[in-house]
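Reviewing the structure listed below.
The values are calculated or read from the model by the stated rules, or taken from the named source; none is laboratory data. Here the structure is a predicted model, which means the values were calculated and not measured. Methodologically, a virtual Cβ is constructed for each residue, glycine included, from the backbone with ideal geometry; neighbour enumeration extends over all protein chains shown. The protein model used for the area step is the full one, side chains on, heavy atoms only, and it has no ligands, DNA or RNA in it. Shrake-Rupley method; radii C 1.70, N 1.55, O 1.52, S 1.80 Å.
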Amino acid sequence: MPPLACNPIPHDKDTVIDHHQKEMELQQSLQQTPATGCSENYGKKTPNLKDLVLLKFTKWYKLGLQLNISEHELETIKENNPKDNDSCKREMFKKWLEETPHASYSELKDALVKIGEKSVAAGLMQHSGRQQKG
């Protein structure tokens, strides 16, 4: 039986350690707080639609569900923007910001982590910290 291609298992000790170290670094970056690297406004400032549409991920529908957008609204977005992931993502974020007056980068980060987009969440934290310092 051939090995599975989607989740290769490291075979040597150095590879296992390197993989573990990278995972630990990612976890640490996700757990940063204002006192450890992000600006003091992290989690308080409302995200900007212009910045949100630049995030690189494709699970916009799952993220929308995590951000409490109704399935009906998400289906409407999907129908109005067939096969156009970027437009769907933009409309989903637009709906989230309209329906969530106190939307925050922190809330978005948590939702991204829940749908398995940890690297996007880590990048979001770094980006939102830079945006708010200026």
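At a glance:
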read-out: Unmet criterion (only one of (1) assigned to a loop (DSSP other than H, G, I, E, B); (2) modelled with pLDDT of 90 or more) for Glu107; value: (1)
read-out: Test result for Glu117, acidic (Asp, Glu) and either open to solvent by 50 Å² or more (accessible area, probe 1.4 Å) or under 16 Å from Lys45 (Cα atoms) (or both); value: no
read-out: Verdict on Lys95 being more than 13 Å from Leu124 (Cβ to Cβ), open to solvent by 50 Å² or more (accessible area, probe 1.4 Å) and part of a helix (DSSP H, G or I); value: no
read-out: One residue from Lys62, Lys89 being in a helix (DSSP H, G or I), closer than 18 Å to Leu124 by Cα, open to solvent by 90 Å² or more (accessible area, probe 1.4 Å) and charged (D, E, K, R); value: Lys62
read-out: Identity of the residue in region 49-59, open to solvent by less than 80 Å² (accessible area, probe 1.4 Å) and at pLDDT 90 or above, that ends up nearest to Glu99 (Cα to Cα); value: Leu49
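Residue-wise test of (1) at pLDDT below 90; (2) of a type in the set (D, E, K, R); (3) over 11 Å from the mean Cα position of the chain (by Cα).
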{"site": "Pro34", "(1), (2), (3)": "yes, no, yes"}
{"site": "Pro47", "(1), (2), (3)": "yes, no, yes"}
{"site": "Glu79", "(1), (2), (3)": "no, yes, yes"}
{"site": "Trp96", "(1), (2), (3)": "no, no, yes"}
{"site": "Pro101", "(1), (2), (3)": "yes, no, yes"}
{"site": "Gly116", "(1), (2), (3)": "no, no, no"}
{"site": "His127", "(1), (2), (3)": "yes, no, yes"}
